[in-house]
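In what follows, a single structure is set out as structure tokens and then discussed.
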Amino acid sequence: MSSTEQGTSSAAPAEPTTAPESAAAPEVPESFYYVHGKDKVVHKVSAGALQHSALIHGMISNLGYTEEQAKANPFPFENIDGDILQMVVDWCNQHKGKPTPPEDTNLPKQKEKLFDLVLAVNYLEIKELLTYCCKQVAMMVKGKSPEEIREIWMIPTDAEDEAAEKEAKKRAGKEAAGETAAAAGDAK
Amino acid sequence: MNFQEALDFSGLQIQKQYPKKHKFPLLKLPKVVLLECIENLDVLEIIPFSLLSKRAKTIAKLICWSPLDICFRFNRTLQICLKLSTDPDRKWIINYKTNYKTEKYPYYIFEKSDSSVSHHFVLNDNGNPAEDSKRMVEHICDVFRSPISDFHIFDESFIEWIINFQPIIRNVLIPNYVVRSIETLDRILKNLKVTENFHLGSIKTDEKYTEPISSRSVTIKDSFWITLPSIINGTNSIIYLYNSIFTPNDLNTILKEWRMGIKLRNLEFLVINISTMLDWGRFTDEVFKDLNPTESNKNVGRPTKVKIDDEITYTLGEEEEYVNLIRSDGMIGSVFNEYAGNDGEKIFRRFMLQVWRRQP
């Protein structure tokens, strides 16, 4: 649904080759915006699709960009991997202007991507997709034994938590001591 | 295996049977997202999750779960039965089993009938199910911020525990011969406030008990040890006494006290099973002495069903024979005397008093 093309930088994105298609063309020409992730691949997305994201919707409402300005200034999401942003854009396009179904079959199935997807969706404030993702996370432990839940969700034991906490305190102490020594050196 | 190993899953090591791609570092999520994920868990998934570590329990407690009805009971095995008051047909049951040593513990069972759905989480009892189940109940009450609503004291060792853990409780059931003395019974009744239903099985004693029992509803099997002051000075609404040794004269006293309106003011329904040597005429003469009851008119609005507790409703059909007593506040006491058999010498009777008000 969305088109992508390798961009060179966020300031000068490459022109996307095709526009998203819609079965029933709207009477009023739709506005489009551009987003890119860590990989700088620019995605052209309609304002309607981007309405799913409260973050982007808020940005758009405040900008009042023309199409040209939007092309020249894609929204950079450097903290989101390109393939994850692609999934998000695809989902937003698939659900543009539609009520979201109770069971979403368009969610990505790869569990290894789910964590990054959840973080991205949370950052972009896409409430409905976040709800689906959270259900998917819960489904991972359906009918699983406590040992399996621990393993799948990587829950540390109390002993591991305590060891990690001790380690963090130790590290913080060392850092503080280093800063004090550096400050004393500067004073001399 | 001790409780730590059996139930406190914080000691379990990750067995690394899942490939990395199937793993999800849940605790690295932002807190709001993490909580939304956890909110999607079923009751029997929240419990094992919250037992995995102190941190997991803290997270589980951050969510405002719907309050649970917690029933701690003995039904062939120790069981913790959980349900939501908003969805009483769905139950989550934690079972402690000893008989299936070959099963892989813990495991889940799903049961469905026409009217209800039960999800079972089966744990091996590991030799000390009483202690394990107490710890589990404490944990569940803590995580779900819900009190125990129904408790079966199926062993004397549970008495001190429940008095200390939760001295106010909705329903209590004590099976036969768990209480072995009036002292123990007195300790329970003085330290455990039962707000709704108190069911007591047979107890081994030669002593009598004279104190009132404070629950709204009281059901006592083999109630030979209970005395008239316990009943008359109580504030119970429902009283059900099996195998009582009350005499017809005692029943007459109860009726008189009720009609005077100072005692037994909350009474809605009283059933006393007694045995007597008196024939029907002499029996009723003694029970109604100086009371002048009036013959009942059928279909005058007397309720035909009395709710004893959450599960039991007693039906008093319209065709039953009864007489009425009227109290000064307009309340009607319908008195039923039923023949309940004989042993050749004694006649068994079921004496019932139903209190109701005629609707305008």
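Screening B:N126 on (1) modelled with pLDDT of 95 or more; (2) of a type in the set (S, T, N, Q); (3) touching an Asp or Glu at 6+ places or on another chain (Cβ under 7 Å) shows it passes everything except condition (1).
For segment B:299-308, indicate whether the set of residues that are of a type in the set (K, R) and buried (at least 17 other Cβ atoms within 10 Å of the Cβ) is non-empty. Within segment B:299-308 (the criterion being of a type in the set (K, R) and buried (at least 17 other Cβ atoms within 10 Å of the Cβ)), the answer is yes, since at least one residue qualifies. Of the conditions (1) surrounded by fewer than 16 Cβ atoms within 10 Å (Cβ to Cβ); (2) under 25 Å from B:E286 (Cα atoms), B:W225 satisfies every one except a single condition; which number is it? For B:W225, the exception is condition (1).
List pairs: first in segment B:302-324 and on the phi < 0 side of the Ramachandran plot, second in a loop (DSSP other than H, G, I, E, B) and of a type in the set (A, V, I, L, M), Cβ under 6 Å, 6+ apart or cross-chain? Close Cβ pairs satisfying both conditions: B:T304/B:L316; B:Y314/B:I308. Only one entry of A:T157, A:T131 meets the criterion of being modelled with pLDDT of 90 or more and under 21 Å from the mean Cα position of the chain (by Cα), and that entry is A:T131.
With respect to the stated conditions, B:I94 is closer than 19 Å to B:I148 by Cα, modelled with pLDDT of 90 or more and within 14 Å of chain A (Cβ to nearest Cβ). Within segment A:125-151, restricting attention to residues that are in contact (Cβ under 8 Å) with a residue 12 or more places away in the chain and more than 21 Å from A:H57 (Cα to Cα), the residue that is farthest from the other protein chains (Cβ to nearest Cβ) is A:Q136.
For segment B:303-360, what are the residues that are under 25 Å from B:F198 (Cβ atoms) and of a type in the set (S, T, Y)? Talk me through it step by step, then tell me what you get.
Quick first cut of segment B:303-360, residues under 25 Å from B:F198 (Cβ atoms) only: B:303, B:305-316, B:331, B:333-336, B:338, B:340, B:348-356.
Residues satisfying the conditions are B:T313, B:Y314, B:T315, B:S334.
The values are calculated or read from the model by the stated rules, or taken from the named source; none is laboratory data. Only a predicted model underlies this, so the values are computations on that prediction, with no experimental measurement involved. A quick note on method: Cβ atoms are made from the backbone with ideal geometry, for glycine too, and the neighbour counts reach across all protein chains shown.
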